Number of protein chains: 4
Amino acid sequence: MKKRSRFLETPIVPFAVEAGLSADEILTRMERISFQGRNLATAHRVWQKMLADDVTIFLGMAGALSAGGLRLIVAHLIAHRYIDCLVSTGANLYHDLHETRGQAHYLGSPRADDAALAADRVDRVYDTYASEHEFIANDIWISEFVETLEQRPYTTRELLYLLGGHLWQTTGRDGILTAAYRAQVPIFCPAIADSSIGMGISQARQKMPHAGQIDVIGDIVESANLVIHRPRTASIVLGGGTPKNFINQASVQAEFYNPAVGGHQYAVQIVTDVPHFGGASGSTLEEAQSWGKLSTTSAKVTVNADATIALPLLVSALAQTANDALRSRVHPTFTLSSRVMTIDGRAVRSDRFEDASDPAN
Amino acid sequence: MKKRSRFLETPIVPFAVEAGLSADEILTRMERISFQGRNLATAHRVWQKMLADDVTIFLGMAGALSAGGLRLIVAHLIAHRYIDCLVSTGANLYHDLHETRGQAHYLGSPRADDAALAADRVDRVYDTYASEHEFIANDIWISEFVETLEQRPYTTRELLYLLGGHLWQTTGRDGILTAAYRAQVPIFCPAIADSSIGMGISQARQKMPHAGQIDVIGDIVESANLVIHRPRTASIVLGGGTPKNFINQASVQAEFYNPAVGGHQYAVQIVTDVPHFGGASGSTLEEAQSWGKLSTTSAKVTVNADATIALPLLVSALAQTANDALRSRVHPTFTLSSRVMTIDGRAVRSDRFEDASDPAN
Amino acid sequence: MKKRSRFLETPIVPFAVEAGLSADEILTRMERISFQGRNLATAHRVWQKMLADDVTIFLGMAGALSAGGLRLIVAHLIAHRYIDCLVSTGANLYHDLHETRGQAHYLGSPRADDAALAADRVDRVYDTYASEHEFIANDIWISEFVETLEQRPYTTRELLYLLGGHLWQTTGRDGILTAAYRAQVPIFCPAIADSSIGMGISQARQKMPHAGQIDVIGDIVESANLVIHRPRTASIVLGGGTPKNFINQASVQAEFYNPAVGGHQYAVQIVTDVPHFGGASGSTLEEAQSWGKLSTTSAKVTVNADATIALPLLVSALAQTANDALRSRVHPTFTLSSRVMTIDGRAVRSDRFEDASDPAN
Amino acid sequence: MKKRSRFLETPIVPFAVEAGLSADEILTRMERISFQGRNLATAHRVWQKMLADDVTIFLGMAGALSAGGLRLIVAHLIAHRYIDCLVSTGANLYHDLHETRGQAHYLGSPRADDAALAADRVDRVYDTYASEHEFIANDIWISEFVETLEQRPYTTRELLYLLGGHLWQTTGRDGILTAAYRAQVPIFCPAIADSSIGMGISQARQKMPHAGQIDVIGDIVESANLVIHRPRTASIVLGGGTPKNFINQASVQAEFYNPAVGGHQYAVQIVTDVPHFGGASGSTLEEAQSWGKLSTTSAKVTVNADATIALPLLVSALAQTANDALRSRVHPTFTLSSRVMTIDGRAVRSDRFEDASDPAN
């Protein structure tokens, strides 16, 4: 037999069953298996590395994760600063607000009789139900909040901070929006117009025609300025969608103004979409490197899995293994209560990109 | 043997091969086969029914369809009024603009060396390449256009109409934006902040801090007012994403103000996502009925297929079979050149929902 | 702007809509688009090249393609010698036999009430129904045929040839089994025990305990000997499954005995499975090269699509474009009527591999 | 607000993060979330119910699970009688044998240079490598074992028992084949001809032309007789493929001879394929009910997930929660060492179906 190939170096170690294993022990035993199990174990390691490094960690969140029971995981990640900035679809924030307001989603069936649900004013998200009446009440609650705002443009970051504050004062309950408010973690929602949050905002115009001016272009500028000020970043993406691209675009845009930006240093994505139809949600992290969204030397991993399986296991493990890293972590500090947010004491404008080569900066 | 079951009524008719079949003959022979082939044939019939009925037809477009070579199909659908209103991701409009400006995307490989591409400033979308230098030039072109606008909020509908006009005057070339401009077909882009169109707009702020005010909430109001004025609608969705939800939300929102709205009367979606992870892109049309997005009596079909296979075949068939319907079609007429668009001569406001029960309307 | 990158050579040419396009014109216009549309157009070209070259073309067939309305396409491919050897799941042959015997599958719904179907003895394959009573009659018909055979082992190749002949004599109808019988095209069914064909065979044992001896190991030997005798091969795979691996394994096994075998020269696979879960059905053609299943210089393409969409379009195009190639094609000639089949006049044994280095050969 | 709908009964309970959670605690907290996370938690409960009931539990196994590091989980399930009968693809048994013989699979990359791997004789399974030289040695080892057998037909069940015994005597190592040998748990491999096990067997014919007679039809009869003798069954399926159908077919076939058989009483499937392309691997458990494969009153769940993520978590939880059930479990007892196996002391023939209505039985 010829000499062993250089490709045959590190043996697979089959997963050994044992009673009483904790989440991190399970993931540790998955590190030397194959396919998506190995990738999930790698995600655990990459996230640990992010926490030990001096990087701003973005979390992107698409898919019906709040309705689907993961909102308190995200709230936990925010409160304990596993992440520094959330980019979300409007729906995830809306369904979070729905529960924080004391209402619920319900166990349902994907094989429901949808005409019967429609007759009962019950809305279905795959195997999960909610009351349309309660949704309408949410919309009114949001529109009344919007009517209290000044008649000027708000970035989604500013608006969502204020909304989170109002929600906290009203309910005192834990959730994504309230956790972000309390932890001073910014939330961006680039596609806010495509959600029930947006619908609620729009209804404020019935009373005030100039209500609900959302400066989504300001969001682009602000998010890039975050990266210009603090060029080392990491990206964690659940489900793809607009948050995935928005996080990447912040890095690409920032690089025009600060050559120290070189794409994210770390990337984890947990997605169910596939690359071969060309859509952004399923696009590979390698592809992201061609665009400069991701450093060509980054630690990175894609996990092809439903977040409702992967995230509970992954975050349960981190809750055990990341304590030291979280305690000693160097993370950015934000203030979000005024129109111009700050990062580590520096203003983050929404009306122009900071130019790192400008001596005034 | 017992009597034939009521479930065994219409036999499958196997596809018979023949030389020289045209697209519509192929689809006709697929009507009595199974699985997604049958669904694609059904989509052909449902679209024909839409054209024969008096409905406003929305087309949603997500995924890299413009970069991937389908933009002239969409332009054809607009120019010949197979559809009445386009809802698109920003990327599809950007890649359309890229080619209309005389540039190209290029054949590439999904197994490329992305570090080599990055070094060459080549951006990859699965198996398709483009020049980052040309993209930067597009961004500048867009920002210079934005600098010519008034310093006031624009809905994406108004902005994209003006952008299409500028593009047509500059290039005289066919594409999605220019076709929509010429045919007076509105385009909405609810997630414009999450795209290179948005990035181009944002760069105008370097010269003019108040440039690029996009009224995405106005888009919600305008799109709902379209449906309030003309309550019978149809939805065609390619790829899901924000356009899919935006089209549905217009119907849901409209129903609050006009009880004659009862969800889309027809729906075709060509998607690659699946329902069982709970995301909106893959959600079924049955689920949409629970929300009232779709009438419980609608003609509808989901085709689980890549649009780059399904759409060329489907539209080639329609080009043959839909001529009469297109000629006699009753479609809405828009004017888009001013801040307030009109549909069939009636103003479509972006600052409040029209109330159909209001005697003033 | 710097010099054009070497990666930017061949522009995408958007698909241009036109009435009356035939299948091959549609595929020609899809050659310079992206994603799976381009891949399907490439499959058309690769298959044309196979036909123009001197190769034995294997077709693998998994998934419910016969029940789903594609069986006459496969029969056409056999009769006109687009292919030389079929490897199929048992189910596809069974559902072919079902229709050739004059029965039907029926249009159904994927959202059926399966308890009601069960009560009516109707079996469902996604959106397609069939009568369990008729299936039971098929099983008896098969078992009665098996009772007429000699009490000795039969390869599936021999058995299916005889079954096809019996079916042709009984019905005179076109189908996969009868076309293969008439065209002297061998069929292998490596997983025959996992199908209703196998169930039918097994029932012959109630009368004859030694009936139904199937020499599936002989199938391995025979299929490898085909390749040992005629080392240049091509592989077309629909749906993956056991046929995909069996075709590859024939090549790998043959290479031990004839160094002129170097993996398939051409490969087309139309699959819906993905690579990243590690299963064979979704595995890439690149991966196949590591095993030597496929030549590293082969022309090859994977099309990620449902065969019920891809195959009607692809074969309709070939029916137009492949006529000359089919007429002048150099294809292997088989005799299948005796226990030892022949290829181009040479015996193909099932009881030992031919050794190409053996001077007796 | 109208009275609460009957559809809104059981609220979603968001997953609450906590350090140190064990596998079963994680799954318990996933029971009231949504999508595939909920389904995995349900699979845990359904499996527990199987163990508490008096049913024969079949496990089907397809996909590269042995190469991918799950073989010791399956060995554990066999040794501790979480299952009673394994149905596997040949590849999973082959890769198990490979490691039990003291060799390894290796960590690799899905983006490998496959031509370089081929040059080094390294075979790739997605992200996992193995030595072709070692595989050839396995094939010889298998063929030498086959040469020691009698020249008569063997069911795969008998052959694999003997192979497991030979492997255990040779190596004394734990694995699927050796665990099944030691625990007297039968293994069926209906598609043995489509695997390297089959290739190894076939090579025995070079020395002994009548070696390797595999009675796959006998497997059908034996597996149905198991169910005829013990009509209450459960099915656990990993990955679909031939094992999924073989397990179902045993039940369908058995029902002809014993009306007490009414389809499986419990079913869990962990699959990545989807239903809408019509293939058996992705087919729903509801569809299985139409065929009578599954009782219409069965407890059942489909988990759409990669088994390399789902199985480690699920079996780790069962290792904690199933101890009592395993201890008191009423499971069938087999003897496998002779040509005719027994179940609970009764002979299980392979040459005719037992007829439960026959007074001789």
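The values are calculated or read from the model by the stated rules, or taken from the named source; none is laboratory data. Note that the coordinates shown come from a computational prediction; the quantities given were computed from them, not determined experimentally. No Cβ is skipped: glycine too gets one built from the backbone with ideal geometry, and neighbour counts run over all protein chains shown.
Against the numbered list (1) hydrophobic (A, V, I, L, M, F, W, C); (2) part of a strand (DSSP E or B); (3) surrounded by fewer than 17 Cβ atoms within 10 Å (Cβ to Cβ), C:Ala130 comes up short only at (3). With respect to B:Ile136, determine if the residue is part of a loop (DSSP other than H, G, I, E, B), among the hydrophobic types (A, V, I, L, M, F, W, C) and modelled with pLDDT of 95 or more. Criteria not met by B:Ile136.
This table checks each residue for (1) at the interface with chain C (Cβ under 9 Å from one of its Cβ atoms); (2) touching a residue at least 24 places away in the same chain (Cβ under 8 Å); (3) closer than 15 Å to D:Ile57 by Cα.
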{"residue": "D:Pro209", "(1), (2), (3)": "yes, no, no"}
{"residue": "D:Asp219", "(1), (2), (3)": "yes, yes, no"}
{"residue": "D:Thr233", "(1), (2), (3)": "no, yes, yes"}
{"residue": "D:Gln249", "(1), (2), (3)": "yes, yes, yes"}
{"residue": "D:Val261", "(1), (2), (3)": "no, yes, yes"}
{"residue": "D:His276", "(1), (2), (3)": "yes, no, no"}
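Restricting region C:61-83 to residues that are in a loop (DSSP other than H, G, I, E, B) and of a type in the set (A, V, I, L, M, F, W, C) leaves a set whose member that is surrounded by the fewest Cβ atoms within 10 Å (Cβ to Cβ) is C:Ile83.
Yes/no matrix, rows are residues, columns are (1) more than 22 Å from B:Arg81 (Cβ to Cβ); (2) in contact with a strand residue (DSSP E or B) (Cβ under 9 Å, 6 or more places away or on another chain):
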{"residue": "B:Phe246", "(1), (2)": "no, yes"}
{"residue": "B:Asn258", "(1), (2)": "yes, no"}
{"residue": "B:Ser281", "(1), (2)": "yes, yes"}
{"residue": "B:Lys293", "(1), (2)": "yes, yes"}
{"residue": "B:Val301", "(1), (2)": "no, yes"}
{"residue": "B:Arg329", "(1), (2)": "no, no"}
{"residue": "B:Thr335", "(1), (2)": "no, yes"}
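Within region A:138-163, if we keep just the residues that are surrounded by fewer than 21 Cβ atoms within 10 Å (Cβ to Cβ) and β-branched (Val, Ile, Thr), the residue that is nearest to A:Arg349 (Cα to Cα) turns out to be A:Thr148.
Are any residues in region D:263-274 within 11 Å of chain C (Cβ to nearest Cβ) and polar (S, T, N, Q), and if so, which ones? Result: D:Thr272, single match.
Please verify whether B:Thr242 is surrounded by 24 or more Cβ atoms within 10 Å (Cβ to Cβ), within 16 Å of the chain's Cα centre (by Cα) and either of a type in the set (Gly, Ala, Ser) or under 30 Å from A:Ser251 (Cβ atoms) (or both), treating the condition exactly as stated.
yes
Just to be sure, is A:Ser34 within 8 Å of chain D (Cβ to nearest Cβ), out of contact with any helix residue (DSSP H, G or I) (no Cβ under 7 Å at 6 or more places or on another chain) and more than 28 Å from D:Pro14 (Cβ to Cβ)?
So A:Ser34 fails the test.
In the set (1) among the aromatic types (Phe, Trp, Tyr); (2) in a strand (DSSP E or B); (3) touching a Gly at 6+ places or on another chain (Cβ under 8 Å), the condition left unmet by A:Phe15 is number (2). Among the residues of region C:23-44, those that are in contact (Cβ under 8 Å) with a residue 40 or more places away in the chain and over 18 Å from the mean Cα position of the chain (by Cα) comprise C:Ala23, C:Asp24, C:Ile26, C:Leu27, C:Gln36, C:Asn39, C:Thr42.
Pick from A:Val227, A:Val221, A:Val237: which is more than 15 Å from A:Thr296 (Cα to Cα) and touching a Leu at 6+ places or on another chain (Cβ under 9 Å)?
A:Val237
Reported count of residues in region D:334-361, each being surrounded by fewer than 11 Cβ atoms within 10 Å (Cβ to Cβ) and modelled with pLDDT of 95 or more, is 1.
All of (1) over 22 Å from A:Ser338 (Cα atoms); (2) free of Cβ contacts under 8 Å to residues at least 60 places away in the same chain hold for A:Arg173 with one exception: (2).
Being out of contact with any strand residue (DSSP E or B) (no Cβ under 9 Å at 6 or more places or on another chain) and among the β-branched types (Val, Ile, Thr) is a condition met by no residue of region B:82-93.
Would you confirm whether or not region A:41-60 contains a residue that is in a loop (DSSP other than H, G, I, E, B), within 8 Å of chain D (Cβ to nearest Cβ) and modelled with pLDDT of 95 or more? Checking region A:41-60: not a single residue is in a loop (DSSP other than H, G, I, E, B), within 8 Å of chain D (Cβ to nearest Cβ) and modelled with pLDDT of 95 or more. For region B:292-315, the set of residues classified as surrounded by fewer than 24 Cβ atoms within 10 Å (Cβ to Cβ), away from chain C (no Cβ under 14 Å) and in contact (Cβ under 8 Å) with a residue 40 or more places away in the chain consists of B:Gly292, B:Ala299, listed by residue number.
Looking at this structure, is D:Leu226 surrounded by 24 or more Cβ atoms within 10 Å (Cβ to Cβ), within 29 Å of C:Thr156 (Cα to Cα), away from every other protein chain (no Cβ under 11 Å) and not small (Gly, Ala, Ser)? Answer is yes for this residue. Scanning region D:1-27 for residues that are surrounded by fewer than 21 Cβ atoms within 10 Å (Cβ to Cβ) and farther than 30 Å from A:Asp113 by Cβ yields D:Ala16, D:Glu18, D:Ala19, D:Gly20, D:Glu25. Each residue in region C:324-361 was checked for being more than 22 Å from the chain's Cα centre (by Cα) and aliphatic (A, V, I, L, M), and 3 pass.
For the residues C:Arg81, C:Arg111, C:Arg121, C:Arg152, the requirement of being within 11 Å of another protein chain (Cβ to nearest Cβ), farther than 26 Å from C:Gly282 by Cα and in contact with a His (Cβ under 7 Å, 6 or more places away or on another chain) singles out C:Arg121.
Scanning region D:316-348 for residues that are within 14 Å of chain A (Cβ to nearest Cβ) and β-branched (Val, Ile, Thr) gives a single hit, D:Thr321. Residues in region A:164-206 that are part of a helix (DSSP H, G or I), touching a helix residue (DSSP H, G or I) at 6+ places or on another chain (Cβ under 7 Å) and among the hydroxyl-bearing types (Ser, Thr, Tyr) were compared, and the one that is surrounded by the most Cβ atoms within 10 Å (Cβ to Cβ) is A:Ser202.
Residues of region D:1-28 that are over 25 Å from A:Glu132 (Cα atoms) and either at the interface with chain A (Cβ under 7 Å from one of its Cβ atoms) or touching an Asp or Glu at 6+ places or on another chain (Cβ under 7 Å) (or both): D:Ala16, D:Val17, D:Glu18, D:Ala19, D:Gly20, D:Leu21, D:Ser22, D:Ala23, D:Ile26.
Taken over region A:193-207, the criterion of being more than 7 Å from every other protein chain (Cβ to nearest Cβ), over 11 Å from B:Asn245 (Cβ atoms) and not basic (Lys, Arg) is satisfied by A:Ile197, A:Gly200, A:Gln203, A:Ala204. Among the candidates B:Gly164, B:Gly175, the residue that is within 14 Å of another protein chain (Cβ to nearest Cβ) and either within 20 Å of B:Leu59 (Cβ to Cβ) or basic (Lys, Arg) (or both) is uniquely B:Gly175.
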